[in-house]
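In what follows, a structure is listed as C-alpha coordinates, so that the remarks can point back to it.
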Amino acid sequence: MKRSPLQMTQDRRLRLIGLRLLLLIVVIGIWGIGSLGAPAFILPSPRRVFGVWTQLVITPGFWADFGITFYRIAMGFIFATVVGVVLGLLLGASRTLGDFFQPLLVVINTVSSSIWAIFALIWFGLSNWSTIFVVFMTAMPLILTNVWQGTSTVNRDFIELAQTFRMSRLQVLLKIYLPTILPQFFAGARLAFGFGARVSIVAEALGASSGIGYRLRQAADLVQTDQVFAWTLTLVILMIFIEAVLLKPLETRLFAWRKPRPA
Amino acid sequence: MSVVQLESVGKSFMRRDGEQLEVLRNIDLDVPERSIVALVGASGCGKSTLLNIVAGLIPPDQGTVYLNGQKSSAFRDWRSMTYMFQEDRLFPWRTTAQNIALGLEAAGMPRAERRDRVMQVLELVGLEKFADSFPHELSGGMRSRAALGRSLVTEPSILLMDEPFSKLDPSIRTQMHDEVLRIAALRQMSVLFVTHDVEEAVVLANKIVVLMPRPGRVKETREIDLPYPRNPLSPEVAEEVRLLRLSL
(Lines give C-alpha, C1' and ligand atoms only; values in the text may rest on other atoms or scores of the structure.)
Protein backbone atom coordinates (compact mmCIF):
# COMPACT_ATOMS: atom_id res chain seq x y z
CA MET A 1 0.00 0.00 0.00
CA LYS A 2 1.20 3.48 -0.82
CA ARG A 3 1.87 5.77 2.14
CA SER A 4 0.70 9.36 2.06
CA PRO A 5 3.35 12.09 2.37
CA LEU A 6 2.01 12.99 5.82
CA GLN A 7 2.38 9.43 7.02
CA MET A 8 5.87 9.30 5.59
CA THR A 9 6.88 12.43 7.50
CA GLN A 10 5.42 10.91 10.64
CA ASP A 11 7.34 7.68 10.02
CA ARG A 12 10.56 9.62 9.60
CA ARG A 13 9.85 11.51 12.80
CA LEU A 14 9.21 8.35 14.82
CA ARG A 15 12.36 6.78 13.44
CA LEU A 16 14.38 9.87 14.41
CA ILE A 17 12.97 9.91 17.93
CA GLY A 18 13.77 6.21 18.26
CA LEU A 19 17.35 6.80 17.12
CA ARG A 20 17.78 9.69 19.58
CA LEU A 21 16.54 7.55 22.47
CA LEU A 22 18.86 4.73 21.45
CA LEU A 23 21.81 7.12 21.36
CA LEU A 24 20.95 8.39 24.85
CA ILE A 25 20.82 4.82 26.18
CA VAL A 26 24.16 3.94 24.52
CA VAL A 27 25.92 7.02 25.95
CA ILE A 28 24.56 6.48 29.45
CA GLY A 29 25.43 2.77 29.14
CA ILE A 30 29.07 3.44 28.22
CA TRP A 31 29.29 6.04 30.99
CA GLY A 32 27.82 3.53 33.46
CA ILE A 33 30.24 0.78 32.46
CA GLY A 34 33.17 3.22 32.58
CA SER A 35 32.21 4.40 36.05
CA LEU A 36 32.38 0.81 37.37
CA GLY A 37 36.15 0.78 37.03
CA ALA A 38 36.85 4.30 38.35
CA PRO A 39 36.55 5.95 41.75
CA ALA A 40 33.57 8.29 42.14
CA PHE A 41 35.73 11.43 42.29
CA ILE A 42 37.07 10.63 38.81
CA LEU A 43 33.91 9.40 37.11
CA PRO A 44 30.74 9.15 39.19
CA SER A 45 28.08 6.71 37.96
CA PRO A 46 25.01 8.01 36.10
CA ARG A 47 22.80 6.84 38.97
CA ARG A 48 24.85 8.80 41.49
CA VAL A 49 24.89 11.96 39.33
CA PHE A 50 21.16 11.75 38.84
CA GLY A 51 20.71 11.37 42.59
CA VAL A 52 22.86 14.44 43.28
CA TRP A 53 21.03 16.36 40.58
CA THR A 54 17.59 15.67 42.05
CA GLN A 55 18.96 16.78 45.44
CA LEU A 56 20.43 19.88 43.84
CA VAL A 57 17.24 20.93 42.09
CA ILE A 58 15.26 21.11 45.32
CA THR A 59 17.77 23.37 47.11
CA PRO A 60 16.57 27.03 46.97
CA GLY A 61 20.05 28.25 46.01
CA PHE A 62 19.93 26.23 42.81
CA TRP A 63 17.27 28.36 41.16
CA ALA A 64 19.02 31.53 42.27
CA ASP A 65 22.25 30.40 40.59
CA PHE A 66 20.35 29.16 37.57
CA GLY A 67 18.48 32.45 37.31
CA ILE A 68 21.53 34.68 37.69
CA THR A 69 23.43 32.81 34.98
CA PHE A 70 20.48 32.97 32.64
CA TYR A 71 20.11 36.68 33.40
CA ARG A 72 23.76 37.37 32.56
CA ILE A 73 23.61 35.42 29.31
CA ALA A 74 20.38 37.15 28.32
CA MET A 75 21.72 40.64 29.12
CA GLY A 76 24.95 40.07 27.22
CA PHE A 77 23.01 38.65 24.32
CA ILE A 78 20.50 41.50 24.20
CA PHE A 79 23.27 44.12 24.22
CA ALA A 80 25.11 42.14 21.55
CA THR A 81 21.99 41.96 19.39
CA VAL A 82 21.21 45.67 19.61
CA VAL A 83 24.80 46.80 18.99
CA GLY A 84 25.48 44.08 16.41
CA VAL A 85 22.38 44.82 14.34
CA VAL A 86 22.80 48.60 14.41
CA LEU A 87 26.54 48.48 13.59
CA GLY A 88 26.00 45.75 10.99
CA LEU A 89 23.37 47.83 9.19
CA LEU A 90 25.58 50.92 9.40
CA LEU A 91 28.66 49.17 8.02
CA GLY A 92 26.49 47.55 5.35
CA ALA A 93 25.00 50.90 4.33
CA SER A 94 28.32 52.72 3.99
CA ARG A 95 31.18 51.21 2.05
CA THR A 96 33.69 53.60 3.57
CA LEU A 97 32.66 52.76 7.12
CA GLY A 98 32.77 49.07 6.24
CA ASP A 99 36.27 49.21 4.77
CA PHE A 100 37.44 51.33 7.71
CA PHE A 101 36.22 49.07 10.49
CA GLN A 102 36.76 45.71 8.89
CA PRO A 103 40.30 45.11 10.34
CA LEU A 104 38.99 45.88 13.82
CA LEU A 105 36.45 43.12 13.46
CA VAL A 106 39.16 40.66 12.46
CA VAL A 107 41.17 41.61 15.55
CA ILE A 108 38.18 41.23 17.86
CA ASN A 109 37.43 37.84 16.36
CA THR A 110 40.97 36.59 16.98
CA VAL A 111 40.91 37.47 20.70
CA SER A 112 39.83 34.38 22.60
CA SER A 113 36.83 34.56 24.89
CA SER A 114 38.99 33.48 27.82
CA ILE A 115 41.12 36.58 27.32
CA TRP A 116 37.99 38.72 27.40
CA ALA A 117 37.15 36.97 30.66
CA ILE A 118 40.49 38.04 32.13
CA PHE A 119 39.98 41.62 30.95
CA ALA A 120 36.49 41.56 32.39
CA LEU A 121 37.88 40.51 35.75
CA ILE A 122 40.35 43.41 35.68
CA TRP A 123 37.77 45.97 34.58
CA PHE A 124 34.58 44.87 36.31
CA GLY A 125 35.79 42.66 39.18
CA LEU A 126 33.44 40.15 40.74
CA SER A 127 30.18 41.49 39.34
CA ASN A 128 27.42 40.64 36.90
CA TRP A 129 29.06 42.93 34.38
CA SER A 130 32.11 40.70 34.02
CA THR A 131 30.04 37.87 32.62
CA ILE A 132 27.76 40.15 30.63
CA PHE A 133 30.81 41.77 29.06
CA VAL A 134 32.32 38.43 28.05
CA VAL A 135 29.04 37.21 26.55
CA PHE A 136 28.74 40.53 24.72
CA MET A 137 32.28 40.44 23.31
CA THR A 138 31.76 36.87 22.10
CA ALA A 139 28.28 37.27 20.63
CA MET A 140 28.42 40.80 19.21
CA PRO A 141 31.03 40.25 16.43
CA LEU A 142 29.17 37.17 15.25
CA ILE A 143 25.87 39.01 14.98
CA LEU A 144 27.52 42.06 13.44
CA THR A 145 29.28 39.99 10.78
CA ASN A 146 26.12 38.15 9.82
CA VAL A 147 24.01 41.30 9.63
CA TRP A 148 26.70 43.06 7.63
CA GLN A 149 26.93 40.23 5.15
CA GLY A 150 23.14 40.11 5.05
CA THR A 151 22.95 43.74 3.91
CA SER A 152 24.96 42.90 0.79
CA THR A 153 22.22 40.47 -0.28
CA VAL A 154 19.59 43.22 -0.36
CA ASN A 155 17.97 43.26 -3.79
CA ARG A 156 18.70 46.56 -5.62
CA ASP A 157 15.50 46.13 -7.62
CA PHE A 158 13.48 46.25 -4.41
CA ILE A 159 15.17 49.51 -3.41
CA GLU A 160 14.30 50.97 -6.81
CA LEU A 161 10.70 49.84 -6.38
CA ALA A 162 10.66 51.52 -2.97
CA GLN A 163 11.84 54.73 -4.64
CA THR A 164 8.90 54.67 -7.05
CA PHE A 165 6.62 54.47 -4.01
CA ARG A 166 8.57 57.32 -2.39
CA MET A 167 9.26 55.21 0.68
CA SER A 168 11.25 56.93 3.43
CA ARG A 169 14.71 55.71 4.48
CA LEU A 170 13.21 54.29 7.65
CA GLN A 171 10.56 52.44 5.67
CA VAL A 172 13.21 50.98 3.35
CA LEU A 173 15.18 49.88 6.39
CA LEU A 174 12.20 48.26 8.10
CA LYS A 175 10.38 46.85 5.09
CA ILE A 176 13.30 45.74 2.89
CA TYR A 177 16.59 45.57 4.80
CA LEU A 178 15.23 43.97 7.94
CA PRO A 179 13.31 41.12 6.28
CA THR A 180 16.26 40.50 3.94
CA ILE A 181 18.84 40.14 6.72
CA LEU A 182 16.55 38.27 9.08
CA PRO A 183 17.57 34.72 8.04
CA GLN A 184 21.28 35.59 8.28
CA PHE A 185 20.73 37.47 11.51
CA PHE A 186 18.93 34.50 12.95
CA ALA A 187 21.70 32.09 12.01
CA GLY A 188 24.26 34.45 13.57
CA ALA A 189 22.19 35.05 16.69
CA ARG A 190 21.75 31.35 17.25
CA LEU A 191 25.46 30.72 16.99
CA ALA A 192 26.17 33.75 19.15
CA PHE A 193 23.77 32.61 21.84
CA GLY A 194 25.40 29.19 21.99
CA PHE A 195 28.92 30.60 22.18
CA GLY A 196 27.82 33.25 24.66
CA ALA A 197 26.17 30.72 26.93
CA ARG A 198 29.22 28.46 26.93
CA VAL A 199 31.67 31.25 27.52
CA SER A 200 29.54 32.72 30.31
CA ILE A 201 30.44 29.66 32.39
CA VAL A 202 34.16 30.38 31.97
CA ALA A 203 33.56 34.00 32.91
CA GLU A 204 31.59 33.01 36.00
CA ALA A 205 34.24 30.51 37.03
CA LEU A 206 36.85 33.27 36.87
CA GLY A 207 34.99 36.36 37.93
CA ALA A 208 31.76 35.81 39.80
CA SER A 209 30.58 34.77 43.24
CA SER A 210 27.33 33.23 42.07
CA GLY A 211 25.92 31.41 39.07
CA ILE A 212 26.40 28.02 37.47
CA GLY A 213 30.03 28.67 36.49
CA TYR A 214 30.90 29.69 40.04
CA ARG A 215 29.22 26.57 41.49
CA LEU A 216 31.05 24.41 38.97
CA ARG A 217 34.41 25.76 40.06
CA GLN A 218 33.47 25.47 43.71
CA ALA A 219 32.49 21.85 43.23
CA ALA A 220 35.71 21.16 41.33
CA ASP A 221 37.81 22.80 44.08
CA LEU A 222 36.16 20.55 46.65
CA VAL A 223 36.58 17.51 44.36
CA GLN A 224 32.78 17.02 44.33
CA THR A 225 32.90 15.49 40.88
CA ASP A 226 29.29 14.32 41.07
CA GLN A 227 28.27 17.96 41.64
CA VAL A 228 30.30 19.04 38.62
CA PHE A 229 28.44 16.48 36.55
CA ALA A 230 25.09 17.54 37.96
CA TRP A 231 25.68 21.21 37.08
CA THR A 232 26.86 20.22 33.61
CA LEU A 233 23.68 18.20 33.16
CA THR A 234 21.69 21.27 34.17
CA LEU A 235 23.42 23.37 31.51
CA VAL A 236 22.88 20.81 28.79
CA ILE A 237 19.19 20.62 29.63
CA LEU A 238 18.92 24.41 29.62
CA MET A 239 20.50 24.71 26.17
CA ILE A 240 18.40 21.94 24.66
CA PHE A 241 15.30 23.52 26.14
CA ILE A 242 16.07 26.95 24.66
CA GLU A 243 16.85 25.45 21.27
CA ALA A 244 13.74 23.25 21.09
CA VAL A 245 11.16 25.45 22.78
CA LEU A 246 12.32 28.94 21.76
CA LEU A 247 14.59 29.08 18.75
CA LYS A 248 13.32 26.29 16.52
CA PRO A 249 9.60 27.25 16.64
CA LEU A 250 10.51 30.91 16.21
CA GLU A 251 12.57 30.12 13.13
CA THR A 252 9.81 28.01 11.61
CA ARG A 253 7.33 30.82 12.17
CA LEU A 254 9.53 33.65 10.91
CA PHE A 255 10.60 31.91 7.73
CA ALA A 256 7.31 30.35 6.67
CA TRP A 257 7.65 32.28 3.40
CA ARG A 258 10.73 30.37 2.33
CA LYS A 259 10.51 28.02 -0.57
CA PRO A 260 10.45 24.47 0.80
CA ARG A 261 13.63 22.71 -0.25
CA PRO A 262 13.15 19.74 -2.55
CA ALA A 263 13.65 16.55 -0.56
CA MET B 1 -4.95 68.17 -20.52
CA SER B 2 -1.81 66.07 -20.69
CA VAL B 3 -0.90 63.92 -17.75
CA VAL B 4 2.69 63.69 -18.95
CA GLN B 5 4.40 66.15 -21.24
CA LEU B 6 8.07 66.28 -22.17
CA GLU B 7 9.68 69.27 -23.85
CA SER B 8 13.04 68.75 -25.58
CA VAL B 9 14.35 66.44 -22.89
CA GLY B 10 17.98 65.30 -23.12
CA LYS B 11 20.13 63.07 -20.97
CA SER B 12 23.76 61.98 -20.97
CA PHE B 13 25.61 59.58 -18.76
CA MET B 14 29.27 59.57 -17.82
CA ARG B 15 30.81 56.34 -18.96
CA ARG B 16 33.42 54.47 -16.94
CA ASP B 17 36.19 55.63 -19.29
CA GLY B 18 35.14 59.22 -18.58
CA GLU B 19 33.47 59.85 -21.93
CA GLN B 20 29.99 61.37 -22.11
CA LEU B 21 27.39 59.04 -23.56
CA GLU B 22 24.34 60.82 -24.93
CA VAL B 23 21.30 58.62 -24.26
CA LEU B 24 18.40 60.92 -25.11
CA ARG B 25 18.27 63.98 -27.37
CA ASN B 26 15.52 66.52 -27.77
CA ILE B 27 12.59 64.31 -26.80
CA ASP B 28 9.06 65.73 -27.09
CA LEU B 29 6.34 63.51 -25.76
CA ASP B 30 2.72 63.96 -24.84
CA VAL B 31 0.48 61.57 -22.93
CA PRO B 32 -3.10 62.93 -23.06
CA GLU B 33 -5.51 62.14 -20.25
CA ARG B 34 -6.95 58.60 -20.38
CA SER B 35 -4.71 57.55 -23.25
CA ILE B 36 -2.35 54.63 -23.64
CA VAL B 37 1.01 55.54 -25.12
CA ALA B 38 3.68 53.07 -26.18
CA LEU B 39 7.38 53.79 -26.53
CA VAL B 40 8.96 51.41 -29.02
CA GLY B 41 12.44 51.16 -30.44
CA ALA B 42 15.52 49.01 -30.67
CA SER B 43 17.55 48.36 -27.55
CA GLY B 44 19.86 51.22 -26.69
CA CYS B 45 17.40 53.93 -27.66
CA GLY B 46 16.97 55.01 -24.05
CA LYS B 47 13.38 53.85 -23.52
CA SER B 48 13.89 52.86 -19.90
CA THR B 49 15.90 56.00 -19.15
CA LEU B 50 13.03 58.04 -20.54
CA LEU B 51 10.56 56.24 -18.30
CA ASN B 52 12.83 56.78 -15.28
CA ILE B 53 12.96 60.50 -16.05
CA VAL B 54 9.16 60.65 -16.21
CA ALA B 55 9.00 58.77 -12.88
CA GLY B 56 11.32 61.33 -11.31
CA LEU B 57 13.92 58.70 -10.48
CA ILE B 58 16.59 60.51 -12.50
CA PRO B 59 16.63 64.18 -13.48
CA PRO B 60 16.90 65.24 -17.14
CA ASP B 61 19.98 67.24 -18.22
CA GLN B 62 18.01 69.38 -20.66
CA GLY B 63 14.37 70.17 -21.19
CA THR B 64 11.33 70.05 -18.93
CA VAL B 65 8.94 67.38 -17.71
CA TYR B 66 5.35 68.38 -16.88
CA LEU B 67 3.15 66.10 -14.82
CA ASN B 68 -0.54 67.03 -14.67
CA GLY B 69 0.50 70.42 -16.03
CA GLN B 70 3.00 71.00 -13.24
CA LYS B 71 6.75 71.15 -13.64
CA SER B 72 8.23 67.87 -12.44
CA SER B 73 10.44 69.70 -9.92
CA ALA B 74 7.36 71.25 -8.30
CA PHE B 75 5.25 68.11 -8.59
CA ARG B 76 4.35 66.65 -5.19
CA ASP B 77 1.68 64.08 -5.94
CA TRP B 78 4.09 61.27 -6.84
CA ARG B 79 1.78 58.65 -5.43
CA SER B 80 -0.66 59.31 -8.28
CA MET B 81 1.94 57.66 -10.51
CA THR B 82 3.07 54.05 -10.20
CA TYR B 83 5.71 52.06 -11.98
CA MET B 84 5.54 48.45 -13.08
CA PHE B 85 8.87 46.82 -13.89
CA GLN B 86 9.92 44.06 -16.24
CA GLU B 87 10.42 41.76 -13.24
CA ASP B 88 7.53 41.45 -10.82
CA ARG B 89 9.76 42.45 -7.85
CA LEU B 90 7.40 40.86 -5.34
CA PHE B 91 8.95 40.57 -1.88
CA PRO B 92 9.35 36.83 -1.22
CA TRP B 93 8.62 37.28 2.49
CA ARG B 94 5.25 38.91 1.87
CA THR B 95 1.95 37.32 0.87
CA THR B 96 0.10 38.55 -2.21
CA ALA B 97 -2.10 40.80 -0.07
CA GLN B 98 0.91 42.19 1.80
CA ASN B 99 2.80 42.81 -1.43
CA ILE B 100 -0.15 44.66 -2.91
CA ALA B 101 -0.46 46.78 0.24
CA LEU B 102 3.11 48.11 -0.07
CA GLY B 103 2.19 51.40 -1.74
CA LEU B 104 -0.46 52.10 0.90
CA GLU B 105 2.00 51.39 3.70
CA ALA B 106 4.45 53.78 2.06
CA ALA B 107 1.72 56.43 2.09
CA GLY B 108 1.13 55.77 5.79
CA MET B 109 -2.45 54.54 5.46
CA PRO B 110 -3.84 52.89 8.63
CA ARG B 111 -4.15 49.11 8.59
CA ALA B 112 -7.95 48.98 8.70
CA GLU B 113 -8.33 51.17 5.61
CA ARG B 114 -5.61 49.24 3.79
CA ARG B 115 -7.55 45.99 4.18
CA ASP B 116 -10.55 47.16 2.16
CA ARG B 117 -8.44 48.68 -0.59
CA VAL B 118 -6.32 45.55 -0.90
CA MET B 119 -9.42 43.35 -1.05
CA GLN B 120 -10.82 45.48 -3.89
CA VAL B 121 -7.61 45.22 -5.85
CA LEU B 122 -7.28 41.46 -5.25
CA GLU B 123 -10.72 41.13 -6.83
CA LEU B 124 -9.83 43.52 -9.65
CA VAL B 125 -6.82 41.42 -10.70
CA GLY B 126 -8.54 38.09 -9.91
CA LEU B 127 -6.33 36.96 -7.03
CA GLU B 128 -8.91 36.80 -4.20
CA LYS B 129 -8.13 33.13 -3.64
CA PHE B 130 -4.39 33.75 -3.44
CA ALA B 131 -4.38 36.63 -0.96
CA ASP B 132 -2.37 34.65 1.59
CA SER B 133 -0.05 32.84 -0.84
CA PHE B 134 3.64 33.65 -0.98
CA PRO B 135 5.16 34.59 -4.37
CA HIS B 136 6.91 31.23 -4.78
CA GLU B 137 3.51 29.57 -4.64
CA LEU B 138 2.17 31.60 -7.59
CA SER B 139 2.49 30.96 -11.33
CA GLY B 140 4.18 33.50 -13.60
CA GLY B 141 0.85 34.93 -14.70
CA MET B 142 -0.42 35.26 -11.14
CA ARG B 143 2.80 36.96 -10.07
CA SER B 144 2.34 39.43 -12.91
CA ARG B 145 -1.22 40.07 -11.73
CA ALA B 146 0.04 40.64 -8.20
CA ALA B 147 2.60 43.15 -9.46
CA LEU B 148 -0.12 44.89 -11.47
CA GLY B 149 -2.30 44.93 -8.35
CA ARG B 150 0.51 46.52 -6.35
CA SER B 151 0.67 49.28 -9.00
CA LEU B 152 -3.08 49.86 -8.84
CA VAL B 153 -3.76 49.91 -5.12
CA THR B 154 -2.83 53.56 -4.68
CA GLU B 155 -5.36 54.38 -7.44
CA PRO B 156 -2.86 56.17 -9.67
CA SER B 157 -3.89 58.39 -12.55
CA ILE B 158 -0.74 57.41 -14.48
CA LEU B 159 0.69 53.91 -14.80
CA LEU B 160 4.23 53.53 -16.14
CA MET B 161 5.27 50.10 -17.38
CA ASP B 162 8.72 48.96 -18.53
CA GLU B 163 8.24 45.83 -20.66
CA PRO B 164 6.12 44.35 -17.89
CA PHE B 165 4.89 41.26 -19.75
CA SER B 166 7.92 40.40 -21.85
CA LYS B 167 8.83 37.39 -19.73
CA LEU B 168 5.38 35.80 -19.79
CA ASP B 169 4.10 33.03 -22.04
CA PRO B 170 2.28 34.41 -25.12
CA SER B 171 -1.19 33.27 -24.03
CA ILE B 172 -0.76 34.77 -20.55
CA ARG B 173 0.64 37.93 -22.08
CA THR B 174 -2.58 38.29 -24.10
CA GLN B 175 -4.61 37.87 -20.91
CA MET B 176 -2.58 40.57 -19.18
CA HIS B 177 -3.16 42.93 -22.15
CA ASP B 178 -6.91 42.45 -21.73
CA GLU B 179 -6.59 43.12 -18.00
CA VAL B 180 -4.63 46.33 -18.54
CA LEU B 181 -7.16 47.61 -21.09
CA ARG B 182 -10.11 46.74 -18.86
CA ILE B 183 -8.61 48.30 -15.75
CA ALA B 184 -7.30 51.42 -17.53
CA ALA B 185 -10.81 52.08 -18.85
CA LEU B 186 -12.43 51.28 -15.50
CA ARG B 187 -10.08 53.45 -13.48
CA GLN B 188 -9.81 56.17 -16.14
CA MET B 189 -6.09 55.76 -15.99
CA SER B 190 -3.42 56.88 -18.43
CA VAL B 191 -0.70 54.42 -19.32
CA LEU B 192 2.80 55.07 -20.64
CA PHE B 193 4.69 51.92 -21.42
CA VAL B 194 7.91 50.72 -23.00
CA THR B 195 8.01 47.66 -25.20
CA HIS B 196 10.06 46.07 -27.92
CA ASP B 197 7.08 43.95 -28.94
CA VAL B 198 5.49 45.72 -31.91
CA GLU B 199 2.29 43.70 -31.69
CA GLU B 200 1.89 44.53 -27.99
CA ALA B 201 2.21 48.22 -28.84
CA VAL B 202 -0.47 48.04 -31.56
CA VAL B 203 -2.89 46.00 -29.44
CA LEU B 204 -2.69 48.32 -26.43
CA ALA B 205 -1.83 51.86 -27.47
CA ASN B 206 -3.77 54.78 -28.95
CA LYS B 207 -0.45 56.38 -29.68
CA ILE B 208 2.91 54.85 -30.50
CA VAL B 209 6.12 56.82 -30.24
CA VAL B 210 8.95 55.29 -32.26
CA LEU B 211 12.44 56.03 -30.98
CA MET B 212 15.72 55.53 -32.78
CA PRO B 213 18.96 54.72 -31.03
CA ARG B 214 22.25 56.36 -30.11
CA PRO B 215 21.24 58.91 -29.06
CA GLY B 216 17.56 58.18 -28.46
CA ARG B 217 15.39 60.49 -30.57
CA VAL B 218 11.76 60.49 -31.62
CA LYS B 219 11.55 59.17 -35.15
CA GLU B 220 7.83 59.10 -35.60
CA THR B 221 4.55 59.28 -33.68
CA ARG B 222 1.68 57.12 -34.89
CA GLU B 223 -1.93 57.39 -33.76
CA ILE B 224 -3.81 54.08 -33.72
CA ASP B 225 -7.55 54.66 -34.02
CA LEU B 226 -8.72 51.05 -34.17
CA PRO B 227 -11.53 50.09 -31.76
CA TYR B 228 -10.82 47.89 -28.72
CA PRO B 229 -10.52 44.98 -28.22
CA ARG B 230 -7.99 44.55 -31.00
CA ASN B 231 -7.45 41.10 -32.36
CA PRO B 232 -3.82 40.64 -33.44
CA LEU B 233 -5.05 38.38 -36.25
CA SER B 234 -7.40 40.97 -37.77
CA PRO B 235 -6.18 42.56 -41.04
CA GLU B 236 -6.33 46.11 -39.63
CA VAL B 237 -4.11 45.29 -36.69
CA ALA B 238 -1.77 43.22 -38.87
CA GLU B 239 -1.45 46.19 -41.24
CA GLU B 240 -0.54 48.55 -38.38
CA VAL B 241 2.02 46.05 -37.14
CA ARG B 242 3.52 45.83 -40.62
CA LEU B 243 3.73 49.62 -40.97
CA LEU B 244 5.29 49.93 -37.54
CA ARG B 245 7.88 47.26 -38.34
CA LEU B 246 8.82 49.20 -41.47
CA SER B 247 9.25 52.33 -39.43
CA LEU B 248 11.64 50.64 -36.98
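The values are calculated or read from the model by the stated rules, or taken from the named source; none is laboratory data. Bear in mind that the values here come from a model prediction, so they are computed numbers and not experimental data. We place every Cβ from the backbone using ideal geometry, glycine too, and count neighbours over all the protein chains shown. In case anyone asks, the SASA skips ligands and DNA or RNA and just uses the protein heavy atoms, side chains included. Shrake-Rupley method; radii C 1.70, N 1.55, O 1.52, S 1.80 Å.
Brief remarks follow.
- Condition check for B:A107: closer than 27 Å to B:M1 by Cα, over 17 Å from the mean Cα position of the chain (by Cα) and within 13 Å of chain A (Cβ to nearest Cβ): yes
- Of the criteria (1) outside any helix (DSSP H, G or I); (2) β-branched (V, I, T); (3) in contact with a strand residue (DSSP E or B) (Cβ under 7 Å, 6 or more places away or on another chain), which one B:T49 fails: (1)
- Any hit, region A:87-109, residues being under 13 Å from A:I201 (Cα atoms) and either modelled with pLDDT under 85 or not small (G, A, S) (or both): no
- Residue that is nearest to A:K175 (Cα to Cα), among those in region B:110-136 that are open to solvent by 10 Å² or more (accessible area, probe 1.4 Å) and within 12 Å of chain A (Cβ to nearest Cβ): B:F134
- Selection status of B:T82, in contact with a Gly (Cβ under 9 Å, 6 or more places away or on another chain) and facing chain A (nearest Cβ under 8 Å): yes
- Within region A:140-189, the set of residues being within 9 Å of chain B (Cβ to nearest Cβ) and without any contact (Cβ under 8 Å) to a residue 12 or more places away in the chain comprises A:D157, A:E160, A:L161, A:Q163, A:T164, A:F165, A:R166, A:M167, A:S168, A:Q171, A:P179.
- Enumeration of residues in region B:49-79 that are among the aliphatic types (A, V, I, L, M) and within 12 Å of another protein chain (Cβ to nearest Cβ): B:L51, B:V54, B:A55, B:L57, B:I58
- Residues (in contact with a Lys or Arg (Cβ under 7 Å, 6 or more places away or on another chain), hydrophobic (A, V, I, L, M, F, W, C) and closer than 30 Å to B:L21 by Cα) located in region B:208-243: B:I208, B:V210, B:L211, B:M212
- Single unsatisfied condition, B:M161 versus (1) outside any helix (DSSP H, G or I); (2) more than 22 Å from B:Q5 (Cα to Cα): (2)
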